[in-house]
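One structure is given below, encoded as structure tokens.
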Protein chains: 2
Amino acid sequence: MDKVFKALADSSRRKLLDRLRIRNGQMLGELCEGLSMTRQAVTKHLHILQRANLVATRWRGREKLHYLNPLPIHEIAERWIKKFEHGRLQVLADLKKNLEGDTDG
Amino acid sequence: MDKVFKALADSSRRKLLDRLRIRNGQMLGELCEGLSMTRQAVTKHLHILQRANLVATRWRGREKLHYLNPLPIHEIAERWIKKFEHGRLQVLADLKKNLEGDTDG
DNA sequence: TTGACAAGCAACCATTAGGTTGCATATTAT
DNA sequence: ATAATATGCAACCTAATGGTTGCTTGTCAA
């Protein structure tokens, strides 16, 4: 779980995931196109995404294809974010109450 | 958006949010209890959460109370994660197809 | 088989992040 | 007033992060 959060913390990596969502199965070179970063930098980002299990790869000859795995993101939504969404209105009510009602100082 | 992702990337900070979710409106000292970290470290984490708009504060005398704001988390779920959940099954189907069906090399 | 292409590996660098320590400030209770 | 409490501020340190460069390896096409 921590690896996923860490992986998602960088905007370049989120951009890479976005690209794969739009077109899955791209090779490294394709993913590098248009980015102001060296190939090596992209490689490192992709490795981090792989270690977080957000990206799976497959060789086709000399080409390495990258596939998005949205499951970890789904799990975060399910196991973590939902906790906070559940209490959303409640917490907002609390906040309002505390910021307004309690202004006695 | 980036600040929120960055803020959520650290497990200590996620823990602090958890604590506030369980009991909202805690002061610094309370949030420090039981953590193997100095008060200053916690302060820094809370500042990062504040800058990401995940935590709001309010002074009551010399005590600084901290309130959870789950809205940014909700927005991430809405604007970002849903994109990936939407295509989840599709992408998994693609992945399966590409990993199995195409094994001609 | 030679050259071009796709990617890997390793060393290095600058910046940021997480954490500590020491001291200052403001509020409360005695 | 004084002491204890609750927090802030600033400097400092180490390790991790994001990035670069140079060189090597493997694969495909001519």
Original post:
What does the charge dipole of segment B:2-101 about its Cα centre add up to, to the nearest 20 debye, if the Cβ of each Lys and Arg holds +1 and the Cβ of each Asp and Glu holds -1?
Top reply: 300 debye
Original post:
Which of the pairs A:K44/B:K3; A:K3/B:K3; B:K15/B:K64; A:K44/A:K83 have their Cα atoms more than 29 Å apart in this structure?
Top reply: A:K44/A:K83
Original post:
Stretched out fully, how many nm does the piece from A:S11 to A:R79 gain, at 0.36 nm a residue minus the Cα gap?
Top reply: 22.2 nm
**OP:** Give the accessible surface of segment A:2-101 per residue, rounded to a whole number of Å², with probe radius 1.4 Å and ligands, DNA and RNA excluded.
**Re:** 55 Å²
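The values are calculated or read from the model by the stated rules, or taken from the named source; none is laboratory data. What you see is a predicted model, and the numbers here were worked out from it, not measured in a lab. Every residue, glycine as well, gets a Cβ built from its backbone with ideal geometry; the counts of neighbours run over all protein chains shown. Note: accessible area is taken over every heavy atom of the protein model, side chains too, but ligands, DNA and RNA are not part of it. Shrake-Rupley method; radii C 1.70, N 1.55, O 1.52, S 1.80 Å.
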